[in-house]
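Asker: Okay, handing you the structure first.
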Amino acid sequence: DLHLSIRRQRQMCIRDSYTDGTTNPWGIDWNDHGHGFVCTSVDPHLYHVIQGAHHEPWRNRDSSRYAYQRIPTIADHLHFTGSVKVQDGLGTEAEDKSGGGHSHAGTMIYLGDNWPDSYRNGMFVNNTHGRRINHDIPARAGSGYTASHGPTLMRSRDPWYMGIALRYGPDGAVYAADWSDTESCHSRPNTRRETGRIHRIAYGKPQWDRVDLATLGDLALVERHLHRNDWHVRHARRLLQERAAAGADFSATHAELHRMFAGNPDVTRQLRALWTLHATGGIDAAFLGEQLGHLNEHVRAWAVQLLCEDRRPPASALTRFARMAERETSPLVRLYLASALQRIEPAQRWDIAAGLLTRGEDAGDQNLPLMVWYGIEPLVRADLQRLSLIHI
């Protein structure tokens, strides 16, 4: 009985995981459209986090046993991949020219308001051995992204510098946590272990209103959703979610968020309102079903995901998903539909999968063929004959 209980718990953990794979991921962040990215402590170093994906490397995980193949890194480059021993490459010119060593930590997507606009939505990671902060430049590619090697943001002359975390603050400046240690991750043994520093990286002299967001009223927190610095938005959303969970009257708050969603011309602001409405219980399946026809691909995509959040989308949504699988023009939305396959019961996947498998334009996409396979793999055992009749 104990063995069966442990097995069931393990199956539930696999079922409820958001994504699978990579090696030693250390740091996740999201861009203006809510797409997640994670860095790893080995090369390849950067992945687009897709709901239901199986990412390289496999590492013999049971959860990826039937993945067939796994989705690779989005980075079009590698950093130094030589031996982890200092004398075999770390600190050499070859390592320096490649952008630093193989270990990375502390993913940050810059959404602050202090650095120049060219840095917004840029990806930044600490290069542990290279004593620097790498800059990757994302670009949309099909249903996902590719990331190219940008200029190094910062290099430290201190041999003890080992960055582990990056965060932008309320002033828009970036704060880098430095382990200040020479022992971590295959480097030389250190002599002191109590050291550590935080560095501030700012453009000019940033200014911000020194306010405790927790003291603001609900409508003032909604107003913060328009702030250019996403630090204010995320903390405002957290506070509103906590207040809603405590039973506060949110009728006026929800009305204001709905006005922002319907009236703001910037889709990133619409998304901010949508996410907070979802987090505070301000929308239902009927509202999300209407957004499946929204003019912007990002709203349509998020409507698909939120409808499947509890794994119980209404029948009307499933019918709409099947139609979208055949006709949807955006590969991004088709990616969200492919992810949704794993969020619904296998018997409900057939029509959606059939539509997605007719989309010949997705055959060369870096994500869609595999994401559809991950969704239909259970159907092999359910009805192999019916699956064989689907056009692939």
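Asker: Test of understanding: given the chain, find the longest segment containing no chymotrypsin sites (Phe, Trp or Tyr not before Pro) that are in a DSSP loop and have at most 14 other Cβ atoms within 10 Å. Please report the intermediate quantities before stating the final value.
Answerer: Numbers: sites that count: Y18, Y66, Y68, Y203.
Result for the longest clean stretch: 204-392.
Asker: Right, here's the next one. Would you mind getting the accessible area per residue of the chain, heavy atoms of the protein chains only, 1.4 Å probe, in Å²?
Answerer: On the way: 19000 Å² over 392 residues.
Per residue, the chain has 48 Å² of solvent-accessible surface.
Asker: Follow-up question, since we're still on this one. Of P25, M123, T73, which is farthest on the positive side of the dipole of the chain, counting Cα position, with +1 on Lys and Arg Cβ, -1 on Asp and Glu Cβ, and the Cα centre as origin?
Answerer: Farthest towards the positive pole: P25.
Asker: While we're on this one: State which stretch of the chain is the longest one without any exposed GluC sites (Glu not before Pro), exposure meaning a DSSP loop state and at most 12 other Cβ atoms within 10 Å. Present the calculation step by step, with values, prior to reporting the outcome.
Answerer: On the way: sites that count: E194, E309.
Result, exposed sites excluded: 1-193.
Asker: With every protein chain in place, what's the accessible area of M260 (1.4 Å probe, Å², nearest 10)?
Answerer: Approximately 20 Å² of M260 is accessible to the 1.4 Å probe.
Asker: Still on this model: Determine, from the Cβ-Cβ distance of H149 and E326 and an R0 of 41 Å, the FRET efficiency 1/(1 + (r/R0)^6), rounded to the nearest 0.05.
Answerer: Working: r = 38 Å, r/R0 = 0.94.
It comes to 0.60.
Asker: Percent of Cα-Cα pairs per 5 Å bin, from 0 to the last occupied bin, for the stretch 299-352, please list those.
Answerer: Histogram of Cα-Cα distances, whole percents per bin: 5, 22, 40, 25, 7, 1.
Asker: A further question on this structure: Kindly provide the helix-only [θ] at 222 nm of the chain, computed as the sum of -39,500 (n - 2.57) over DSSP H runs of four or more divided by all residues, to the nearest 500 deg cm²/dmol? Walk me through the numbers on the way to the answer.
Answerer: On the way: 13 runs with 137 residues, N = 392.
-10500 deg cm²/dmol, from helical runs alone.
Asker: What area, in nm² and to one decimal, does the C-alpha convex hull of the stretch 23-181 cast on average over all directions? Provide the component values of the computation, followed by the final result.
Answerer: Details: hull surface 40.7 nm².
One quarter of the hull surface, i.e. the mean projection, equals 10.2 nm².
The values are calculated or read from the model by the stated rules, or taken from the named source; none is laboratory data. None of the values given here were measured: they were computed from a predicted structure. Methodologically, a virtual Cβ is constructed for each residue, glycine included, from the backbone with ideal geometry; neighbour enumeration extends over all protein chains shown. With ligands, DNA and RNA removed, areas are computed over all heavy atoms of the protein, side chains included. Shrake-Rupley method; radii C 1.70, N 1.55, O 1.52, S 1.80 Å.
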